[in-house]
Amino acid sequence: MEFTRQLAEFVAEKDFDDISPDIIQQTKLLILDTLGCALGGYTLASEEVEWIVKFIKQQGCQGPSTIFADGCKTSSAYAALANGAMVHTVDFDDTHMGSVAHLNASLLATTFAMGEERGASGKEVIVSFILGFDLGARVGRSVMPSHYKFWHPTATFGGVAAAGAAAKMLHLNADQTEYVIGHAADAAGGLRYGVEKGDFSKTMHPAFSAMKAIVSAGVVSLGADGPVGLLEYPSGFCNAYSEAPVLEPLVSELGKKYEIMEDSIKSFPTIQCSHTAIQTTIDLISENKLQKDDIAEVNILHTETVKGQGCNYSPDTALAARLSIPFCIALAMCDGKVTLDQFTESRLHDPEILDCMNKVKIEASAEFKTKYPETIAAFVDIKAADGAVYSGSQIYPKGDPRNRMSVDEVKDKFRSLALNTFDSDQVEKIIDSILELEKVEDVSTVTGLFVKG
């Protein structure tokens, strides 16, 4: 069966008016959330952002597309490179649990950079974002979970998602779209090392995905061809990137079920698999009025996906700490909360944090994957120094499709991030512009708000 072809036709032929208002609304909230990660990351991860922005400026490339917050105008490919990295610096962006990928970083970077370049409307940005997401998520479902043994899905599936969005932004036909998908699948990369170690390679994964997508779509629009049927080809993407690929999810309920409605918004600035454990720990500490010295041990029974990730007991960077469940639980034990401003150099070496980390024990349950699919369930037992045991659990973290954030909660999260870089008046204007994005004739009138005054 020509799975790649069916996906290419779906992306090329679907239009904004074919998509229901509830999907449009949720997509705008996801765009707002992702943009908040970028605008907050610009200040909160200024060193990492400067590395990539300075490099782009050294290239001397002029163009129509904006690097968020900084305001530098460059080519769409370079703007996407910078903005994709900026989103992912603070690790507070979305998670699609079916693929365990942060797809929105590469999608936001791709659609807004190309939108400015082409004078695209808000509707074009939204529909490209939705269709690209669907493509990347479906490819992810087809090759997980064995794909995650070596690869970072944000990079591999994010590149395919961005390719679909880029092809749609250029209004490519089905033949051309299939070429672009093929190029993205052929160019996929990004090892899980960055997730486990928390180095800059992880930040660059959605950046490279977005940039390569724009390049691939651009050369195809100028007449280049590309791989055909590469997703299902015997030595193609799905077979090469999975020990046991299942191709049916590529097209199952295509056009009826949109994967973007399965996306999660993060409620903590940490690895997604830590959220249910963090919330349960915070709740138990608060409900039972526990102090860190009252706690002898925190035992976490987690969904099996956690095994091999999130278990770093010696993080040496702020990013590595956000990817470490023991560190996050230690913050909860010491402070009763987990927020971005806690991930500092001093906390990495804080003796109290290190002591609390050693009290955290994590075990994986093979049963949870079947019992609680597409979530990271956590059952937590806190053993007190006096022998008392306090138990609790959370199945779906706040922001999950089954435990959604309200519009006001998404706005509040955006404010908490964007106010690190912009004043409140500008932040409110950005919120209003994104929530009415489908009314915008030229997205360039919106991106001007994303620049520091």
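The longest part of the chain holding none of the exposed loop GluC sites (Glu not before Pro), meaning those outside H, G, I, E and B in DSSP with at most 14 other Cβ atoms within 10 Å, is 3-242. Each of Lys337 and Ser146 was given a label point 7 Å from its Cα along the Cα-to-Cβ line. The distance between the two points is 4.6 nm.
Once the C-beta distance of Glu367 and Gln62 is scaled by a Förster radius of 45 Å, the resulting FRET efficiency is 0.20 to the nearest 0.05. Can you pick out the pairs among Lys14/Lys398; Lys212/Lys266; Lys371/Lys411; Lys202/Lys359; Lys28/Lys266; Lys73/Lys429 whose Cα atoms lie more than 23 Å from each other? Long pairs (Cα-Cα over 23 Å): Lys14/Lys398; Lys212/Lys266; Lys371/Lys411; Lys202/Lys359. Any chance you could give the angle, 0 to 90 degrees and rounded to 10, that helix 275-287 forms with the longest Cα principal axis of the chain? The helix 275-287 is inclined about 30 degrees to the chain. Placing a pseudo-label 7 Å from each Cα along the Cα-to-Cβ vector at Glu297 and Asp175 gives an inter-label distance of 6.7 nm. Listed values for segment 220-237 are Karplus-derived 3J(HN,Hα) couplings in whole Hz (6.51 cos²θ - 1.76 cosθ + 1.60, θ = phi - 60°), namely 5, 5, 8, x, 5, 9, x, x, 10, x, 6, 5, 9, 4, x, 10, x, 4, and x replaces Gly and Pro.
With the cut-off at 1.5 for a/c, could you classify segment 272-394 from its C-alpha gyration tensor as rounded, prolate or oblate? Judged from the Cα gyration tensor, segment 272-394 comes out oblate (a/c at least 1.5, b/c at or above a/b).
Which FRET efficiency, nearest 0.05, do Asp17 and Asp355 yield, Cβ-Cβ r, R0 60 Å? The formula returns an efficiency of 0.55 here. Based on Cα contacts under 8 Å between residues 6+ apart, segment 1-158 shows a relative contact order of 24 percent.
Between Ser46 and Leu191, the simple spin-label model (points 7 angstrom out along Cα→Cβ) gives 3.3 nm.
Taking the helices alone, the chain has a mean residue ellipticity at 222 nm of -16000 deg cm²/dmol, built from -39,500 (n - 2.57) per DSSP H run of at least 4 residues and averaged over all its residues. Positive end of the dipole of the chain (Cβ unit charges, origin at the Cα centre): among Ala240, Gly226, Asn403, the Cα lying farthest that way belongs to Ala240.
At an R0 of 41 angstrom, the distance between the Cβ atoms of Glu253 and Ala388 translates into a FRET efficiency of 0.25.
Readers should treat all values here as calculations from the given coordinates under stated rules, not as data from a laboratory. All values derive from a computational prediction rather than experimental measurement. In this analysis, Cβ positions are derived from the backbone assuming ideal geometry, glycine residues included, and neighbour counts consider all displayed protein chains.
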